[in-house]
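Asker: So that we are looking at the same thing, I have put the structure below in structure tokens.
The values are calculated or read from the model by the stated rules, or taken from the named source; none is laboratory data. Please read all numbers here as calculations on a predicted model, not as lab measurements. A quick note on method: Cβ atoms are made from the backbone with ideal geometry, for glycine too, and the neighbour counts reach across all protein chains shown.
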């Protein structure tokens, strides 16, 4: 079974098996935001997904 590359590039699997994704809405137009808001966008966000979907999209993670 192949890994879905477009999906795997958006996510990071941690050592304990958690899935982390980027917060949405921080790709561009960040100059008008306060510095604290800009830095908050750099942090990851826990990504909740069912095990069945996870096994289809990230079979080796």
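Asker: Can you find, within region 26-39, the residue that is modelled with the highest pLDDT among those that are part of a loop (DSSP other than H, G, I, E, B) and surrounded by 10 or more Cβ atoms within 10 Å (Cβ to Cβ)?
Answerer: Within region 26-39, the subset part of a loop (DSSP other than H, G, I, E, B) is 26-34.
Now restrict to residues that are surrounded by 10 or more Cβ atoms within 10 Å (Cβ to Cβ): 26, 30, 33.
On the way: 26: 85, 30: 88, 33: 92.
Ranking the candidates gives 33 first.
Asker: Condition first: assigned to a loop (DSSP other than H, G, I, E, B) and either at pLDDT 85 or above or surrounded by 10 or more Cβ atoms within 10 Å (Cβ to Cβ) (or both). Now tell me which residues in region 45-61 satisfy that. Reasoning before the result, please.
Answerer: Of the residues in region 45-61, the ones assigned to a loop (DSSP other than H, G, I, E, B) are 47-50, 58-61.
Answer for region 45-61, where residues must be assigned to a loop (DSSP other than H, G, I, E, B) and either at pLDDT 85 or above or surrounded by 10 or more Cβ atoms within 10 Å (Cβ to Cβ) (or both): 47, 48, 49, 50, 58, 59, 61.
Asker: Somewhere in region 2-10, is a residue surrounded by 13 or more Cβ atoms within 10 Å (Cβ to Cβ), part of a helix (DSSP H, G or I) and without any contact (Cβ under 8 Å) to a residue 40 or more places away in the chain?
Answerer: No - not one qualifying residue is present in region 2-10.
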